[in-house]
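Please read the structure below before turning to the comments.
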Amino acid sequence: VVEKVNNFPPLPKFIPLKPCFYQNFADEIPIDYQSLVKRIYHVWICKLNKKPVLGKRLGVVKKHRSQ
């Protein structure tokens, strides 16, 4: 039995934290669905990285005026 080492999220070596859990698409997701799951994952990550709060702090996002 091979012990699986936690590998996600990937972190730089200089950060004193270690990955929280093990993730392997090839082992955990049926081959027919791997492409779909990877696409959904990438869309999800892109949505998380939009950070509208940052835009609001920089004055990029304007508030709507109520009439």
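Descriptive notes on the structure:
- Cα→Cβ-extended label distance, 7 Å offset, between ILE45 and TYR33, nm: 2.0
- Virtual spin-label span in nm between ASN24 and ASN6, 7 Å along Cα→Cβ: 1.8
Any read-out appearing in this document is the output of simple, stated calculations on the displayed coordinates, not a laboratory observation. Quick caveat: nothing in here was measured; it's all calculated off a predicted structure. Don't worry about glycine lacking a Cβ; one is built from the backbone with ideal geometry, like all the others, and counts go over all protein chains shown.
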